[in-house]
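Worksheet for the structure shown next.
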Amino acid sequence: MTRHDLESGAWRNRHADLLEQAELDVSFRLIVSCQHGDAEC
């Protein structure tokens with residue numbers, strides 16, 4: 001996605017179906033791991 005895509009409407013044309021959805025799960029996940037012996041774990 002570039003500024004030109006946004007300004008020209010190209011992004012909206014390609015992804016109009018996303019804008020019509022009430023919600024969207026983009027599967028962002030955060031995984032945290034600690035090393036053995038780490039006092040903060």
Add +1 for every Lys or Arg and -1 for every Asp or Glu among the other residues with Cβ under 14 Å from the Cβ of ARG12, and state the total.
-2
Low-density loop trypsin sites (Lys or Arg not before Pro), the stretch 6-37, at most 13 other Cβ within 10 Å, DSSP non-H/G/I/E/B, are ARG29
Ranked on Cβ counts within 10 Å of their own Cβ, fewest leading, HIS4, HIS36, HIS15 go HIS36, HIS4, HIS15
Ratio of alpha-carbon Rg to the 2.2 N^0.38 Å globular estimate for the chain, to two decimals, please.
2.14
Pseudo-spin-label distance CYS34 to HIS4, built 7 Å along Cα→Cβ, given in nm, is 5.0
Would you work out the charge dipole size for the chain about its Cα centre, treating the Cβ of every Lys and Arg as +1 and the Cβ of every Asp and Glu as -1, and quote it to the nearest 20 debye?
200
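Read the figures in this text as sums done on the coordinates, not as results from a lab. These numbers were taken from a predicted model, which means no experiment stands behind them. Here the Cβ is made from the backbone with ideal geometry for all residues, glycine too, and neighbour counts use every protein chain on show.
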